[in-house]
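Right, one structure below, let's go through it.
The values are calculated or read from the model by the stated rules, or taken from the named source; none is laboratory data. Bear in mind the structure is a predicted one, so any value in this text is a computation, not a measurement. Here the Cβ positions follow ideal geometry from the backbone for every residue, glycine too, while neighbour counts run over all protein chains shown. Ligands, DNA and RNA are excluded from the accessible area calculation, which covers all protein heavy atoms including side chains. Shrake-Rupley method; radii C 1.70, N 1.55, O 1.52, S 1.80 Å.
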Amino acid sequence: MRLERLTARLRPCPAWQAIDLGFALARAWFPALWALWWCTALPLTLIVLALAWLHSDLWLLALWWCKPLYEAPLLLWASRALFDERPRRGALPGMLGAGLRPRLLPLLLWRRLSPRRALVLPLLLLEGLPRQERRTRLRILAEGSASGWLTLVCYHLEAILWGGMLLGLYLLIPEGLPGIDLIAALENSASPAYWISSACYLLACSLIAPFYVCAGFALYLSRRTELEGWDIELAFRRAPPPPAAVLPALALLAPLLLAPPPAEAETWPTPEAARAHIAEVLDSPDFGTTREVELWLPVADPAQRGTEDAEDSWAATPPPWLAGTIQWGLVTLAAIALLILVRALWRERAPRLPRSARTGHETVPGPHATSPIDHETEIRRLLAADDPGAAIGALYRASLERLDRLGLSLPPGATEGSCAQRARARLPRRIGVPFAAIAAARQHAAYGDRDPSAAHVERLLSHWRRWRGRTDAH
């Protein structure tokens with residue numbers, strides 16, 4: 001490592017000043033680092049999109065989990081640029097593959113949820129130490145490094161940017177143009193708004209990643225400067241050599257400086273004399289006075305007193321294994337929560353027929369329910385009155401009543417998109433697809449002021465009559 005080629009001034013400093021140095025480096029190198037992040041993330045984004053079967057929630061979760069793959073090339077670029085070696089285009093393929101090195105596998109497995117990821121990445125990527133030495137070095141570097149706070153702050157910055165983008169899209173779109181539904185952007189994974197929200201979060205991650213990587217690298221450099229004295233070494237290297245005229249004079253003075261006899265060894269008092277002198281100082285009134293105080297104290301068993309002292313010392317200085325146990329416990333709980341989330345998403349995606357449709361029995365309608373003939377009569381009456389918007393609304397209500405008879409529970413206040421998604425996921429295709437078309441026509445008419453044509457309502461009505469007849473036949 002050629003310290004004399006450093007383009008930044010390193011010195012021992014608090015952790016927050018090191019983070020500020022990293023943010024300054026990220027601002028100076030931001031265009032190159034941001035482009036490098038997208039060169040790594042964009043191909044993986046398309047691959048994960050194909051593997052996730054166009055499920056936006058699984059796609060977003062996989063991209064979030066693979067963050068270390070995008071951060072490794074940024075760190076490799078920054079480590080070279082700091083020593084005045086800007087990587088050229090020929091080195092780009094090697095840097096893009098930096099995240100695929102085997103030694104970075106822990107960052108994608110058990111260290112993925114570690115708050116010290118920004119500090120672990122330089123240690124794994126740049127040093128390449130054996131496992132045991134790497135653990136010891138990480139423990140030394142992590143003391144007082146504030147890497148956990150860095151992760152927490154950058155995570156909140158990502159959330160703030162993501163929320164700001166969504167609110168900007170929601171508030172700045174003029175009236176009369178199709179806007180974004182904030183509830184669907186957060187909950188309905190099948191809606192276009194959720195895809196827009198996922199793209200906004202990915203953009204927020206790309207904007208924060210250079211600052212996060214450079215700040216972690218600066219923390220790493222600050223700790224090494226503090227432990228290894230890089231600033232002192234640099235000061236000696238950069239110090240100017242003595243003038244040539246001084247060297248002969250030093251050569252002439254060297255014998256004279258070495259000629260004087262050594263000074264006589266200083267004599268030290270004996271231990272008895274030292275104790276007497278200490279007692280004399282303590283007895284002096286200038287030093288202080290002593291007094292005797294009598295107190296009533298409970299008499300305890302010596303064995304019990306020894307146990308209490310041991311407990312007090314344990315509480316004051318907890319054993320070193322306790323921190324590791326707590327850390328691994330938190331990682332285990334996070335992994336269990338992730339598995340529960342994936343299982344819930346998988347069960348939500350799995351098509352499952354309601355009980356009433358599986359057994360062939362319909363739920364008994366309430367006393368205020370109307371018959372299918374009444375619904376069809378009302379729809380045709382509205383079509384004859386040249387009101388296709390109201391007709392598609394009546395057809396949508398009739399479809400919801402039919403889904404309720406089939407046992408499909410819909411939450412109160414569910415939108416047309418969420419109803420269509422639940423129907424496609426839990427009902428056969430012959431029912432879910434026609435209902436999705438009816439829900440889409442209803443959504444366009446209610447929120448987009450685009451009433452369907454009478455012929456389109458007739459086609460939807462015929463499809464509704466067909467799948468209604470099939471369900472009644474069971």
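Is the shape of segment 72-230 rounded, prolate or oblate, going by the alpha carbon gyration tensor and its root eigenvalues a ≥ b ≥ c, with a/c under 1.5 for rounded and a/b larger than b/c for prolate? Prolate.
Just to confirm the filter: which GluC sites (Glu not before Pro) across segment 107-147 are DSSP coil and have at most 15 other Cβ within 10 angstrom of their Cβ? Intermediate results must be reported in sequence, preceding the final value.
Numbers: sites: Glu127, Glu133, Glu143; in loops: Glu143.
For GluC sites (Glu not before Pro) across segment 107-147 that sit outside H, G, I, E and B with at most 15 neighbouring Cβ atoms in 10 Å, the list reads Glu143.
Full extension of the segment from Arg459 to Arg80, taken as 0.36 nm per residue of separation minus the current Cα-Cα distance, would add 129.9 nm. In this simple spin-label model, placing a label point 7 Å from the Cα along the Cα-to-Cβ direction at both Leu100 and Leu171 gives a separation of 4.4 nm. Classify segment 31-123: rounded, prolate or oblate, from the alpha-carbon gyration tensor (a ≥ b ≥ c, eigenvalue square roots; a/c under 1.5 rounded; otherwise prolate if a/b is larger than b/c)? It is oblate, given that a/c is not under 1.5 and a/b is not larger than b/c.
Over all pairs of different C-alpha atoms in segment 89-166, the reciprocal of the mean inverse distance, the Kirkwood hydrodynamic radius, equals 14.4 Å.
Which shape class applies to segment 173-222: rounded if a/c is under 1.5, otherwise prolate when a/b exceeds b/c and oblate if not, where a ≥ b ≥ c are the square roots of the Cα gyration tensor eigenvalues?
Numbers: a/c = 5.24, a/b = 2.87, b/c = 1.82.
Prolate.
Solvent-accessible area per residue for segment 16-137 at a 1.4 Å probe radius, Å²?
Values: 6070 Å² over 122 residues.
Heavy-atom SASA per residue in segment 16-137 reads 50 Å².
Order of 212-219, 274-281 by packing, highest average Cβ count within 10 Å first? Spell out each step's value before the answer.
Details: 212-219: 27.8, 274-281: 10.5.
The peptides rank, most packed first, as 212-219, 274-281.
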